[in-house]
Amino acid sequence: MIDDRLRSVPEGLADVTVVVEADPLADIDPGDPSLVDYRVIANNRVPVALRDIMIAPVRTGYIGADRVKPDPDLVPPSGAEAVPEVDVDEVFLPVRDGVVRSLVYRPRSAAPDEALPVVLYFHGGGFTVGSCDDTDYLTRRIAVESGALVVSAGYRLAPEHPFPVPLDDAMDVYRWLRAEAGRLGGDPGRVAVAGDSAGSNFAAALPLRARDEGQPVPDAVVLLGAFVDFQAERYPSFQRLAPRGIVYDSAFFGFIRGAYLPTVSWAHPWASPIEGELGAYPPTFLTAGTHDPIVDSAAEFEARLRAKGRDVTASYPEGLPHGYYFFPGIHAAEQDAAYSQAALVLRRSFGTSAQEA
(Lines give C-alpha, C1' and ligand atoms only; values in the text may rest on other atoms or scores of the structure.)
Protein backbone atom coordinates (compact mmCIF):
# COMPACT_ATOMS: atom_id res chain seq x y z
CA MET A 1 0.00 0.00 0.00
CA ILE A 2 3.02 2.29 0.11
CA ASP A 3 3.32 4.91 -2.62
CA ASP A 4 6.46 3.89 -4.54
CA ARG A 5 7.41 7.55 -5.00
CA LEU A 6 8.24 7.65 -1.28
CA ARG A 7 10.80 4.86 -1.50
CA SER A 8 13.64 7.02 -2.82
CA VAL A 9 15.03 10.51 -2.31
CA PRO A 10 13.41 12.85 -4.87
CA GLU A 11 15.74 14.40 -7.40
CA GLY A 12 17.04 17.75 -6.21
CA LEU A 13 16.39 17.01 -2.54
CA ALA A 14 18.60 15.51 0.16
CA ASP A 15 18.11 13.16 3.08
CA VAL A 16 18.77 15.66 5.86
CA THR A 17 19.22 12.91 8.46
CA VAL A 18 22.64 12.06 7.02
CA VAL A 19 25.14 13.56 9.46
CA VAL A 20 27.53 15.98 7.76
CA GLU A 21 30.22 17.17 10.12
CA ALA A 22 30.64 20.93 9.93
CA ASP A 23 34.00 22.61 9.37
CA PRO A 24 34.59 24.46 12.65
CA LEU A 25 35.84 27.50 10.71
CA ALA A 26 33.09 27.48 8.10
CA ASP A 27 30.98 30.15 9.80
CA ILE A 28 33.80 32.57 10.58
CA ASP A 29 33.93 35.79 8.58
CA PRO A 30 37.33 36.07 6.83
CA GLY A 31 37.44 39.66 8.09
CA ASP A 32 36.87 38.65 11.72
CA PRO A 33 39.76 40.04 13.85
CA SER A 34 39.68 36.78 15.81
CA LEU A 35 40.59 34.73 12.75
CA VAL A 36 44.30 34.88 13.57
CA ASP A 37 43.58 33.38 17.01
CA TYR A 38 41.50 30.59 15.48
CA ARG A 39 44.32 29.77 13.08
CA VAL A 40 46.78 29.46 15.97
CA ILE A 41 44.35 27.12 17.77
CA ALA A 42 43.80 25.13 14.58
CA ASN A 43 47.55 24.69 14.29
CA ASN A 44 47.46 22.81 17.59
CA ARG A 45 44.20 20.88 17.44
CA VAL A 46 41.58 19.75 14.97
CA PRO A 47 38.69 20.30 15.15
CA VAL A 48 38.85 23.74 16.71
CA ALA A 49 35.42 24.06 18.32
CA LEU A 50 34.85 22.15 21.56
CA ARG A 51 31.39 21.08 20.37
CA ASP A 52 33.04 19.23 17.49
CA ILE A 53 35.67 17.66 19.73
CA MET A 54 33.05 16.48 22.22
CA ILE A 55 30.53 14.99 19.81
CA ALA A 56 33.01 12.50 18.33
CA PRO A 57 33.43 10.37 21.49
CA VAL A 58 29.71 10.66 22.22
CA ARG A 59 28.83 9.17 18.84
CA THR A 60 31.56 6.52 18.72
CA GLY A 61 30.78 5.47 22.27
CA TYR A 62 27.07 5.22 21.53
CA ILE A 63 27.58 2.69 18.74
CA GLY A 64 30.39 0.86 20.53
CA ALA A 65 33.05 1.66 17.93
CA ASP A 66 35.77 0.72 20.41
CA ARG A 67 34.27 -2.70 21.14
CA VAL A 68 34.94 -4.82 18.05
CA LYS A 69 34.47 -8.27 19.62
CA PRO A 70 31.48 -8.24 21.97
CA ASP A 71 30.66 -11.38 23.93
CA PRO A 72 28.10 -13.22 21.75
CA ASP A 73 26.37 -14.52 24.87
CA LEU A 74 25.47 -10.94 25.78
CA VAL A 75 24.13 -9.93 22.35
CA PRO A 76 20.31 -9.88 22.56
CA PRO A 77 18.08 -11.04 19.69
CA SER A 78 17.50 -8.57 16.90
CA GLY A 79 14.16 -6.88 16.51
CA ALA A 80 13.33 -9.13 13.56
CA GLU A 81 14.19 -12.24 15.60
CA ALA A 82 12.19 -11.11 18.61
CA VAL A 83 9.15 -9.74 16.72
CA PRO A 84 9.09 -11.24 13.20
CA GLU A 85 5.44 -10.73 12.37
CA VAL A 86 5.91 -7.25 10.88
CA ASP A 87 6.63 -5.97 7.37
CA VAL A 88 9.16 -3.13 7.23
CA ASP A 89 9.65 -0.60 4.43
CA GLU A 90 12.10 2.27 4.01
CA VAL A 91 10.65 5.60 2.87
CA PHE A 92 11.76 9.23 2.62
CA LEU A 93 9.24 11.71 3.98
CA PRO A 94 9.23 15.45 3.23
CA VAL A 95 10.41 18.09 5.68
CA ARG A 96 11.06 21.77 5.07
CA ASP A 97 14.65 21.37 3.83
CA GLY A 98 14.52 17.98 2.12
CA VAL A 99 13.42 14.53 3.24
CA VAL A 100 14.03 12.33 6.28
CA ARG A 101 14.72 8.62 6.05
CA SER A 102 12.05 6.70 7.92
CA LEU A 103 10.95 3.10 8.46
CA VAL A 104 7.34 1.95 8.19
CA TYR A 105 6.18 -1.03 10.26
CA ARG A 106 2.95 -2.81 9.32
CA PRO A 107 1.69 -5.78 11.36
CA ARG A 108 1.09 -8.80 9.13
CA SER A 109 -2.16 -9.47 10.98
CA ALA A 110 -3.72 -6.45 9.24
CA ALA A 111 -5.69 -6.81 6.03
CA PRO A 112 -3.56 -5.66 3.07
CA ASP A 113 -5.99 -2.93 2.05
CA GLU A 114 -6.86 -1.70 5.56
CA ALA A 115 -6.03 1.92 6.40
CA LEU A 116 -4.46 1.46 9.82
CA PRO A 117 -4.20 4.00 12.62
CA VAL A 118 -0.72 5.53 12.69
CA VAL A 119 1.88 5.88 15.44
CA LEU A 120 4.60 8.38 14.57
CA TYR A 121 7.72 7.26 16.46
CA PHE A 122 10.98 9.09 17.27
CA HIS A 123 14.17 7.30 18.29
CA GLY A 124 16.27 8.27 21.28
CA GLY A 125 19.97 9.09 21.47
CA GLY A 126 20.31 12.26 23.50
CA PHE A 127 19.36 14.51 20.57
CA THR A 128 22.87 13.96 19.18
CA VAL A 129 23.12 10.33 18.03
CA GLY A 130 21.07 7.43 16.73
CA SER A 131 18.70 6.59 13.91
CA CYS A 132 15.39 4.88 13.31
CA ASP A 133 17.27 1.58 12.87
CA ASP A 134 18.22 1.60 16.56
CA THR A 135 14.64 1.22 17.79
CA ASP A 136 13.61 -1.63 15.49
CA TYR A 137 12.56 -3.84 18.41
CA LEU A 138 10.53 -1.10 20.07
CA THR A 139 8.66 -0.11 16.95
CA ARG A 140 7.96 -3.71 15.98
CA ARG A 141 6.40 -4.36 19.38
CA ILE A 142 4.27 -1.24 19.24
CA ALA A 143 3.04 -2.15 15.74
CA VAL A 144 2.12 -5.72 16.68
CA GLU A 145 0.55 -4.98 20.06
CA SER A 146 -1.41 -1.89 19.02
CA GLY A 147 -2.35 -3.09 15.54
CA ALA A 148 -1.12 0.23 14.16
CA LEU A 149 1.10 1.35 11.33
CA VAL A 150 4.25 2.66 12.99
CA VAL A 151 6.22 5.34 11.13
CA SER A 152 9.67 5.59 12.72
CA ALA A 153 10.90 8.95 11.46
CA GLY A 154 14.46 10.21 11.36
CA TYR A 155 15.37 13.77 12.24
CA ARG A 156 18.40 16.03 12.16
CA LEU A 157 20.77 15.82 15.10
CA ALA A 158 22.40 18.37 17.39
CA PRO A 159 24.87 20.00 17.74
CA GLU A 160 24.92 20.49 13.97
CA HIS A 161 21.19 21.17 14.11
CA PRO A 162 20.05 22.55 17.50
CA PHE A 163 16.52 23.40 18.61
CA PRO A 164 14.14 23.86 16.94
CA VAL A 165 15.40 22.04 13.83
CA PRO A 166 14.96 18.44 15.07
CA LEU A 167 11.51 19.32 16.39
CA ASP A 168 10.74 21.04 13.07
CA ASP A 169 11.48 17.74 11.32
CA ALA A 170 9.23 15.91 13.76
CA MET A 171 6.42 18.40 13.27
CA ASP A 172 6.77 18.37 9.48
CA VAL A 173 6.40 14.59 9.36
CA TYR A 174 3.44 14.75 11.73
CA ARG A 175 1.76 17.39 9.59
CA TRP A 176 2.42 15.32 6.45
CA LEU A 177 0.89 12.20 8.02
CA ARG A 178 -2.23 14.13 8.98
CA ALA A 179 -2.73 14.81 5.28
CA GLU A 180 -0.97 11.97 3.44
CA ALA A 181 -0.85 8.89 5.69
CA GLY A 182 -2.95 7.08 3.11
CA ARG A 183 0.13 6.94 0.88
CA LEU A 184 1.68 4.64 3.47
CA GLY A 185 -1.43 2.58 4.14
CA GLY A 186 -2.43 4.62 7.18
CA ASP A 187 -5.44 6.60 8.31
CA PRO A 188 -4.69 10.36 8.49
CA GLY A 189 -7.62 10.79 10.85
CA ARG A 190 -5.98 8.64 13.54
CA VAL A 191 -2.38 9.60 14.35
CA ALA A 192 -0.62 9.20 17.70
CA VAL A 193 2.96 10.08 18.61
CA ALA A 194 5.53 8.08 20.56
CA GLY A 195 9.23 7.96 21.31
CA ASP A 196 11.93 6.85 23.69
CA SER A 197 14.26 9.09 25.69
CA ALA A 198 15.10 12.11 23.49
CA GLY A 199 12.45 10.91 21.05
CA SER A 200 9.90 10.97 23.84
CA ASN A 201 10.73 14.65 24.30
CA PHE A 202 9.57 15.33 20.73
CA ALA A 203 6.48 13.18 21.23
CA ALA A 204 5.63 15.06 24.42
CA ALA A 205 6.17 18.44 22.77
CA LEU A 206 4.18 17.78 19.60
CA PRO A 207 0.70 18.12 21.16
CA LEU A 208 1.71 21.54 22.51
CA ARG A 209 3.22 22.70 19.24
CA ALA A 210 0.32 21.32 17.20
CA ARG A 211 -2.12 23.24 19.39
CA ASP A 212 -0.04 26.41 19.18
CA GLU A 213 0.09 26.18 15.38
CA GLY A 214 -3.58 25.34 14.89
CA GLN A 215 -2.94 21.74 13.83
CA PRO A 216 -4.90 18.66 14.92
CA VAL A 217 -3.57 17.38 18.22
CA PRO A 218 -2.26 13.77 18.28
CA ASP A 219 -4.78 11.19 19.37
CA ALA A 220 -2.44 9.77 22.02
CA VAL A 221 1.11 10.05 23.36
CA VAL A 222 3.46 7.22 24.38
CA LEU A 223 6.64 8.16 26.27
CA LEU A 224 9.27 5.49 26.98
CA GLY A 225 11.97 6.78 29.32
CA ALA A 226 9.87 9.93 29.48
CA PHE A 227 12.09 12.99 28.93
CA VAL A 228 9.89 15.99 29.63
CA ASP A 229 12.08 18.47 31.51
CA PHE A 230 15.52 19.93 30.79
CA GLN A 231 15.65 21.34 34.35
CA ALA A 232 16.55 17.93 35.74
CA GLU A 233 18.75 19.12 38.58
CA ARG A 234 15.73 20.17 40.62
CA TYR A 235 14.61 16.54 41.14
CA PRO A 236 15.88 14.24 43.91
CA SER A 237 16.20 11.26 41.54
CA PHE A 238 18.60 13.21 39.33
CA GLN A 239 20.57 14.51 42.29
CA ARG A 240 20.88 10.99 43.66
CA LEU A 241 21.43 8.92 40.49
CA ALA A 242 22.91 11.13 37.79
CA PRO A 243 26.37 12.00 39.16
CA ARG A 244 27.55 8.39 38.92
CA GLY A 245 24.98 7.06 36.50
CA ILE A 246 25.69 4.45 33.81
CA VAL A 247 24.82 5.35 30.20
CA TYR A 248 22.73 8.28 31.41
CA ASP A 249 24.57 10.59 33.78
CA SER A 250 24.90 14.27 34.66
CA ALA A 251 27.87 14.78 32.30
CA PHE A 252 25.91 13.41 29.34
CA PHE A 253 22.83 15.39 30.33
CA GLY A 254 24.80 18.61 30.47
CA PHE A 255 26.37 17.95 27.08
CA ILE A 256 23.13 17.14 25.26
CA ARG A 257 21.37 20.11 26.84
CA GLY A 258 24.08 22.44 25.55
CA ALA A 259 24.03 20.75 22.15
CA TYR A 260 20.25 20.86 21.67
CA LEU A 261 19.40 24.09 23.52
CA PRO A 262 22.42 26.38 23.07
CA THR A 263 20.38 29.59 23.02
CA VAL A 264 16.88 28.63 24.18
CA SER A 265 15.46 28.71 27.69
CA TRP A 266 15.45 25.26 29.25
CA ALA A 267 11.88 26.03 30.38
CA HIS A 268 10.52 26.61 26.85
CA PRO A 269 7.44 24.35 26.71
CA TRP A 270 8.47 22.88 23.34
CA ALA A 271 11.75 21.84 24.97
CA SER A 272 10.41 21.03 28.45
CA PRO A 273 6.78 20.01 27.86
CA ILE A 274 6.23 19.78 31.60
CA GLU A 275 6.08 23.59 31.53
CA GLY A 276 3.38 23.68 28.87
CA GLU A 277 -0.35 24.27 29.21
CA LEU A 278 -1.63 20.70 29.68
CA GLY A 279 -5.36 21.34 29.93
CA ALA A 280 -6.22 19.65 26.62
CA TYR A 281 -3.37 17.14 26.50
CA PRO A 282 -4.14 13.81 24.76
CA PRO A 283 -4.39 10.42 26.51
CA THR A 284 -0.87 9.47 27.56
CA PHE A 285 1.18 6.47 28.58
CA LEU A 286 4.55 7.14 30.16
CA THR A 287 7.18 5.02 31.83
CA ALA A 288 10.59 5.27 33.50
CA GLY A 289 12.38 2.86 35.81
CA THR A 290 12.98 3.91 39.39
CA HIS A 291 16.76 3.86 38.76
CA ASP A 292 16.43 6.28 35.86
CA PRO A 293 17.80 9.71 36.88
CA ILE A 294 14.83 11.43 35.20
CA VAL A 295 12.13 9.30 36.84
CA ASP A 296 11.02 12.07 39.21
CA SER A 297 10.44 14.47 36.32
CA ALA A 298 8.33 11.80 34.60
CA ALA A 299 6.29 11.35 37.78
CA GLU A 300 5.86 15.12 38.08
CA PHE A 301 4.61 15.26 34.49
CA GLU A 302 2.09 12.55 35.34
CA ALA A 303 0.99 14.53 38.39
CA ARG A 304 0.50 17.71 36.38
CA LEU A 305 -1.55 15.85 33.77
CA ARG A 306 -3.75 14.36 36.50
CA ALA A 307 -4.18 17.77 38.09
CA LYS A 308 -5.62 18.95 34.78
CA GLY A 309 -7.98 15.97 34.64
CA ARG A 310 -6.16 14.32 31.77
CA ASP A 311 -6.17 10.61 30.91
CA VAL A 312 -2.72 9.31 31.88
CA THR A 313 -1.33 5.84 32.56
CA ALA A 314 2.11 5.52 34.13
CA SER A 315 4.54 2.74 34.98
CA TYR A 316 7.69 2.97 37.14
CA PRO A 317 9.28 -0.50 37.33
CA GLU A 318 11.22 -0.91 40.55
CA GLY A 319 14.99 -0.93 40.27
CA LEU A 320 15.17 -0.60 36.49
CA PRO A 321 17.35 1.88 34.58
CA HIS A 322 16.85 4.29 31.71
CA GLY A 323 16.14 2.22 28.60
CA TYR A 324 14.86 -0.90 30.38
CA TYR A 325 12.38 -1.34 27.49
CA PHE A 326 15.12 -1.49 24.86
CA PHE A 327 16.66 -5.00 24.63
CA PRO A 328 14.59 -8.09 23.78
CA GLY A 329 14.52 -10.63 26.58
CA ILE A 330 15.97 -8.25 29.20
CA HIS A 331 13.51 -7.29 31.97
CA ALA A 332 10.94 -9.23 29.96
CA ALA A 333 8.08 -9.09 32.47
CA GLU A 334 8.40 -5.34 32.95
CA GLN A 335 8.69 -4.80 29.20
CA ASP A 336 5.61 -6.90 28.55
CA ALA A 337 3.62 -4.85 31.03
CA ALA A 338 4.80 -1.53 29.58
CA TYR A 339 4.12 -2.42 25.95
CA SER A 340 0.72 -3.87 26.85
CA GLN A 341 -0.27 -0.70 28.71
CA ALA A 342 0.96 1.49 25.86
CA ALA A 343 -1.03 -0.58 23.37
CA LEU A 344 -4.14 -0.29 25.51
CA VAL A 345 -3.89 3.51 25.55
CA LEU A 346 -3.35 3.56 21.79
CA ARG A 347 -6.23 1.18 21.04
CA ARG A 348 -8.62 3.16 23.21
CA SER A 349 -7.58 6.40 21.54
CA PHE A 350 -7.91 4.93 18.05
CA GLY A 351 -11.24 3.30 18.85
CA THR A 352 -9.97 -0.21 18.11
CA SER A 353 -10.49 -3.27 20.30
CA ALA A 354 -7.89 -5.80 21.35
CA GLN A 355 -9.53 -8.29 18.97
CA GLU A 356 -9.23 -5.89 16.04
CA ALA A 357 -5.58 -5.16 16.93
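Using a 1.4 Å probe over the heavy atoms of the protein chains, calculate the carbon and sulfur portion of the accessible area of the chain as a whole percent.
Carbon and sulfur atoms account for 54 percent of the accessible area of the chain.
Please give the calculated 222 nm ellipticity per residue for the chain, where each DSSP H segment of at least 4 residues contributes -39500 (n - 2.57) and the sum is spread over every residue; nearest 500 deg cm²/dmol?
Details: 10 runs with 119 residues, N = 357.
So the helix-based figure for the chain works out to -10500 deg cm²/dmol.
DSSP loop trypsin sites (Lys or Arg not before Pro) in the stretch 24-123 with at most 11 other Cβ atoms within 10 Å of their Cβ, which ones?
45, 67, 96, 108
Helix 136-146 versus the longest principal axis of the chain: what angle, 0 to 90°, nearest 10, using Cα atoms?
30
Would you please classify the overall shape of the stretch 1-134 from the alpha carbon gyration tensor, given that a ≥ b ≥ c denote the square roots of the eigenvalues, rounded means a/c under 1.5, and beyond that prolate means a/b larger than b/c while oblate covers the rest?
Here the stretch 1-134 falls in the oblate category.
With a Förster radius of 30 Å, plug the Cβ-Cβ distance of residue 313 and residue 73 into 1/(1 + (r/R0)^6) and report the FRET value to the nearest 0.05.
Efficiency, from the Cβ-Cβ distance: 0.25.
Could you compute the FRET efficiency for residue 306 and residue 244, with r as their C-beta to C-beta distance and R0 at 30 Å, rounded to 0.05? Mind dumping the intermediate values first?
Numbers: r = 32 Å, r/R0 = 1.06.
So, using R0 = 30 Å, E works out to roughly 0.40.
DSSP loop chymotrypsin sites (Phe, Trp or Tyr not before Pro) in the stretch 258-323 with at most 16 other Cβ atoms within 10 Å of their Cβ, which ones?
266
Among the trypsin sites (Lys or Arg not before Pro) in the stretch 170-258, which ones are in a DSSP loop with at most 12 other Cβ atoms within 10 Å of the Cβ? Mind listing them?
Those satisfying the criteria are 244.
Quick one: if the Förster radius is 30 Å, what FRET efficiency do residue 40 and residue 160 give, using the C-beta to C-beta distance and rounding to 0.05?
Working from the Cβ atoms, E equals 0.75.
At 1.4 Å probe size, with every protein chain present, just tell me what the per residue accessible area of the stretch 4-141 comes to in Å².
Accessible area per residue, the stretch 4-141: 58 Å².
Treat each spin label as a single point 7 Å out from the Cα along the C-beta direction, and report the residue 348 to residue 82 distance in nm.
Result: 2.6 nm between the two label points.
Calculate one ³J(HN,Hα) per residue across the stretch 216-224 by plugging θ = phi - 60° into the Karplus curve 6.51 cos²θ - 1.76 cosθ + 1.60, and present them in order as whole Hz with x for glycine and proline.
For the stretch 216-224, the Karplus-derived couplings read x, 7, x, 6, 7, 9, 10, 10, 9 Hz, x marking Gly and Pro.
Quote the charge dipole size of the stretch 32-108 about the Cα centre in Debye, to the nearest 20; the model charges only the Cβ of Lys and Arg (+1) and of Asp and Glu (-1).
Using Cβ point charges on Lys, Arg, Asp and Glu, the stretch 32-108 gives about 260 debye.
Could you check the spin-label model distance between residue 336 and residue 251? Points 7 Å from the Cα along Cα→Cβ, value in nm.
Output for this residue pair reads 3.9 nm.
Provide Rg and Dmax in Å for the stretch 181-308, with only Cα atoms included in the calculation.
Rg and Dmax of the stretch 181-308, Cα atoms, are 15.1, 48 Å.
In whole angstrom, how far apart do the alpha carbon centroids of the stretch 208-256 and the stretch 136-177 sit?
The distance from the Cα centre of the stretch 208-256 to that of the stretch 136-177 comes to 16 Å.
If I take every Cα pair under 8 Å that is 6 or more residues apart in the chain, average their sequence separation and divide by the length, what percent do I get for the relative contact order?
The value is 16 percent.
The values are calculated or read from the model by the stated rules, or taken from the named source; none is laboratory data. Bear in mind the structure is a predicted one, so any value in this text is a computation, not a measurement. So basically every Cβ, Gly included, is an ideal-geometry build from the backbone, and we count neighbours across all protein chains shown. SASA here: full protein model, heavy atoms, side chains in, ligands and nucleic acids out. Shrake-Rupley method; radii C 1.70, N 1.55, O 1.52, S 1.80 Å.
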